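Data first, discussion second: the structure below is written as structure tokens.
The values are calculated or read from the model by the stated rules, or taken from the named source; none is laboratory data. Note that the structure is a prediction, hence the values are computed from the model and not measured. A quick note on method: Cβ atoms are made from the backbone with ideal geometry, for glycine too, and the neighbour counts reach across all protein chains shown. Remember, those area values only see protein heavy atoms, side chains included, never the ligands or the DNA or RNA. Shrake-Rupley method; radii C 1.70, N 1.55, O 1.52, S 1.80 Å.
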Amino acid sequence: MILVRPGRVLGLCHRYFYIYTRSGFRVLDVIFWPVMDLIVWGFVAKYFMRLDSANPTAITFLIGAIIFFNILNRAQQSISVSFLEDLWSRNLLNAFVAPITVAEFVASTFVVGLTQIFAVSLIMSGLAFALYAFNILTISFALIPLFLNLLFMGWSLGMFTTSLIFRFGHQAEALAWAVPFLIQPISAVFYPVSVLPEWLQPVAYMVPATYVFEGMRAVLSGHGDITNYLVTASGLNVFYFIAVSIFFGAMLNSARERGALAKLVV
Amino acid sequence: MAADIKSKTELEPETIVAVAKLHKSFGKAVAIDEISFEIKRGEVVGLLGANGAGKSTTIQILLGLIAQTSGQVSIFGMDPWKERVAVLARCNFSSAYVALPYNLKVVENLDVFAQLYGVSNRKKKISDLLELFEVGHLAQKMTGGLSSGESTRVNLCKALLNDPEFLLLDEPTASLDPDIADKVRKLLAQVQAERHMTVLYTSHNMRDVQELCQRVLFLHQGKIIAEGSSEAILAQFGQETLEEVFIAIARNQVTTSFVSGERL
């Protein structure tokens, strides 16, 4: 049984390409917020640098965290917001009655997300270098596994959010933007896990992104080997990706049985 | 023996759609109440009924958007739920109420769907269909800027991209002026005849149904209460037009003998 045929995925990608490139506001949405985050928080960090007690590496931690969190956020949105784009344009019915598999549909959102993330990350990295002399390449080879772990976690979150939209309908749309920020406080994005209350730390250690951000800070502060962080993050990601894929299939089938899918897409 | 089998298959067209005791309920509300029907290859069947009669639910089950509570559905001898992709590759769908993405050009929309349906020689196919429906001049126009009539014809181009053996049409002439509706009807009739296509057609426009459909299924409160040719149904209900039959059924002005689920 063929789950993913490249021709079909390419067709879906073409559709997203046309949709995104035709809408200046969509392009703005993809680029504007991350760039604004980088500019505002970068200057805030610069200001803190002037204070006596500031750690000189604080600005690199903060800027690295902003760029990395954007990867997670964008990967999540590439799935959930792409799905919403189809809902809003009332086109999902045509897509759902075409001979494409769910895996092909999801795969096309992965490709679209990856393209967006590359573009936005390049812009942010260039700006970070120009404005704050932050060179993301100082993370060296660890950059690739850290990036991939955030990507997979973002995709899992995107599928989870879309599953909730299948289950709860239009009222759950806001989750497409909210979910990454719900887990941000326990993902050690801007501060180490040790800052969290003790009772919350085990929860943080269940989040793959925690190991990525801890790993990023370890590399930036010159504490070399982050293999343990990467292995744990990858293991958790594989587990969550499988679990979320099963959940996604179950929610889609449930929506079909309850007639909710038809209501959602018609 | 072999000769007997051959002559039987020659006499009886292949069954494209077979629905047996199909039932769908949403909680306590019954949307479809154990309906059964078949559609043979090359037949054009009208599915009629007032709002809430169960037409949309039936179509959505055939398209795999809703799962039935019980009963069997077979399309091309396959279960559309289990073999969704194989079934949908040989079907297509068009509805007056389902738009193509508005911010794509007509030709881009058709090209995307041609890719999704695995159509070979896409450019020629799209160009031929646009010419057939007399909308070739709209190829580079944004889909969102089309009039209702133009949009309907572009939707029909999309619905014919994969040369479907089974086409589901949901009120294709809704909101069209009489001139355009007439053109669309004639084109559909022409295409159906040329390709010997099987069509399931829902409409509130009884003229469409009378002109295009060889057989009509009347749904009422989830049951098939009448089935047959337009002429047979008119004779059975003692009415002059299908519209009068429709109104009589919708207002429960039919005798109980009709409301039995039995075929005419």
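Here is a yes/no grid of residues against (1) assigned to a loop (DSSP other than H, G, I, E, B); (2) among the β-branched types (Val, Ile, Thr); (3) more than 14 Å from every other protein chain (Cβ to nearest Cβ); (4) free of Cβ contacts under 8 Å to residues at least 40 places away in the same chain:
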site: A:LEU62; (1), (2), (3), (4): no, no, yes, no
site: A:LEU72; (1), (2), (3), (4): no, no, yes, no
site: A:GLU85; (1), (2), (3), (4): no, no, no, no
site: A:PHE105; (1), (2), (3), (4): no, no, no, no
site: A:LEU114; (1), (2), (3), (4): no, no, yes, yes
site: A:SER121; (1), (2), (3), (4): no, no, yes, no
site: A:SER125; (1), (2), (3), (4): no, no, yes, no
Checking the conditions here, which among A:SER121, A:SER108, A:SER82 is touching a Cys at 6+ places or on another chain (Cβ under 6 Å) and either surrounded by 22 or more Cβ atoms within 10 Å (Cβ to Cβ) or within 30 Å of A:ALA218 (Cβ to Cβ) (or both)?
A:SER108
Give the stretch B:50-89 a look and list any residue that's within 9 Å of another protein chain (Cβ to nearest Cβ), surrounded by fewer than 19 Cβ atoms within 10 Å (Cβ to Cβ) and under 22 Å from B:SER203 (Cα atoms), or say none.
none
Subset of the stretch A:1-21 that is in a helix (DSSP H, G or I) and open to solvent by 90 Å² or more (accessible area, probe 1.4 Å) - its residue that is modelled with the lowest pLDDT:
A:PHE17
Could we say that B:ASP79 is of a type in the set (Asp, Glu) and assigned by TED's automatic domain parsing to the domain that holds B:GLU194 here?
yes
Quick one: A:TRP88 ticks every box in (1) of a type in the set (Phe, Trp, Tyr); (2) surrounded by 22 or more Cβ atoms within 10 Å (Cβ to Cβ); (3) modelled with pLDDT under 85 bar one, so which box is it?
(2)
Among helices (runs of 4 or more DSSP H) entirely within the stretch A:186-266, at least 1 residues that are more than 14 Å from every other protein chain (Cβ to nearest Cβ) and under 18 Å from A:PHE68 (Cα atoms) occur in A:201-204, A:208-220, A:227-258
Considering only residues of the stretch B:17-29 that are farther than 14 Å from B:ILE61 by Cα and of a type outside the set (Lys, Arg), which is nearest to the chain's Cα centre (by Cα)?
B:ALA29
Report, by residue number, each residue of the stretch B:132-156 that is at pLDDT below 95 and either closer than 24 Å to A:THR101 by Cα or charged (D, E, K, R) (or both).
B:GLU134, B:GLU150, B:ARG153, B:ASN155, B:LEU156
If you take the residues in the stretch B:18-33 that are open to solvent by 50 Å² or more (accessible area, probe 1.4 Å) and more than 11 Å from chain A (Cβ to nearest Cβ), which one is farthest from B:HIS220 (Cα to Cα)?
B:LYS28
Only one of A:THR162, A:THR101, A:THR115 is surrounded by 21 or more Cβ atoms within 10 Å (Cβ to Cβ), more than 12 Å from the chain's Cα centre (by Cα) and closer than 24 Å to B:PHE113 by Cα, namely A:THR162
Residue check, B:ASN92 open to solvent by less than 20 Å² (accessible area, probe 1.4 Å) and either at the interface with chain A (Cβ under 8 Å from one of its Cβ atoms) or out of contact with any Cys (no Cβ under 6 Å at 6 or more places or on another chain) (or both)
yes
A:LEU143 - would you say it is surrounded by fewer than 23 Cβ atoms within 10 Å (Cβ to Cβ), in a helix (DSSP H, G or I), among the aliphatic types (A, V, I, L, M) and in contact (Cβ under 8 Å) with a residue 60 or more places away in the chain?
no
So which helices (runs of 4 or more DSSP H) are wholly in the stretch B:1-104 and hold at least 3 residues that are more than 27 Å from B:GLU243 (Cα to Cα) and modelled with pLDDT under 90?
B:2-11
